[in-house]
Amino acid sequence: MLNKPRGVVTTASDEQGRETVYNYVRKGGQGRGWLAPVGRLDKASEGMLLLTNDSEWAARVLDPGSHIAKSYHVQIATLADESLLNTLREGVRDGGDFLRVQHVRELRRGERNAWLEIVLTEGKNRQIRRMLEALGIQVLRLVRVAIGGLELGELGKGESRKLSAAEKSHLDALL
């Protein structure tokens, strides 16, 4: 598990010289052979990223049919109301895709923005950003905080750690 910082790309190497997630995994002393990200977080997103040397396991985790919940905390540049939350639940059409959330609730609000908790079980490319952009809402921050009940917890930005046997077994049971 890596707590991916914002601005870092989820790739093995970058032709533009940007930092990659591998810079952080190696810094943590966990560069034990080949590891590949399980899914992606775009450059502007941050938070939990799993890495594995088992490509079949990664494919099962990513398979939309597995319905593994992925939880995000999303700061938006507006105040949320029940109408917005219901629209996200009911779904938004973006291009040829119909996108909707499994669960959404407001976590907290400021004077001009709000934090939402959004749970997806079928993550399509940039799904949360695309849904909110289709509604004219700017995403200020997007942080993945959990996958399948496995939580990011207190893992600091840029830090990585191995999953415990119990954590791996928990994810396996969901598959």
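From ALA59, ALA69, which residue is over 17 Å from ILE137 (Cβ atoms) and without any contact (Cβ under 8 Å) to a residue 40 or more places away in the chain?
The match here is ALA59.
With respect to the numbered conditions (1) in contact with a strand residue (DSSP E or B) (Cβ under 9 Å, 6 or more places away or on another chain); (2) over 21 Å from HIS67 (Cα atoms), which one is the sole condition not fulfilled by LEU88?
(2)
Suppose we keep only residues that are crowded, with 21+ Cβ neighbours inside 10 Å and part of a loop (DSSP other than H, G, I, E, B) within the stretch 38-67. Which one would you say is nearest to the chain's Cα centre (by Cα)?
LEU41
For the stretch 108-153, give me each residue that is basic (Lys, Arg) and under 15 Å from the mean Cα position of the chain (by Cα).
Result: LYS124, ARG126, ARG129, ARG130, ARG141, ARG144.
Please go through the stretch 75-120 and pick out each residue that is among the aliphatic types (A, V, I, L, M), more than 29 Å from VAL61 (Cα to Cα) and assigned to a helix (DSSP H, G or I).
LEU84 - this is the single residue of the stretch 75-120 that is among the aliphatic types (A, V, I, L, M), more than 29 Å from VAL61 (Cα to Cα) and assigned to a helix (DSSP H, G or I).
Quick test of your reading of the structure: GLY110 fulfils all but one of (1) surrounded by 16 or more Cβ atoms within 10 Å (Cβ to Cβ); (2) without any contact (Cβ under 8 Å) to a residue 12 or more places away in the chain. Name the failing condition by number.
Status for GLY110: all satisfied but (1).
The numbers here are math on the coordinates, done by the rules we state, and not lab data. Given the structure is predicted, the values throughout are model-derived calculations rather than measurements. Ideal geometry is used to build each Cβ from the backbone, glycine not excepted, and the neighbour counts take in all protein chains shown.
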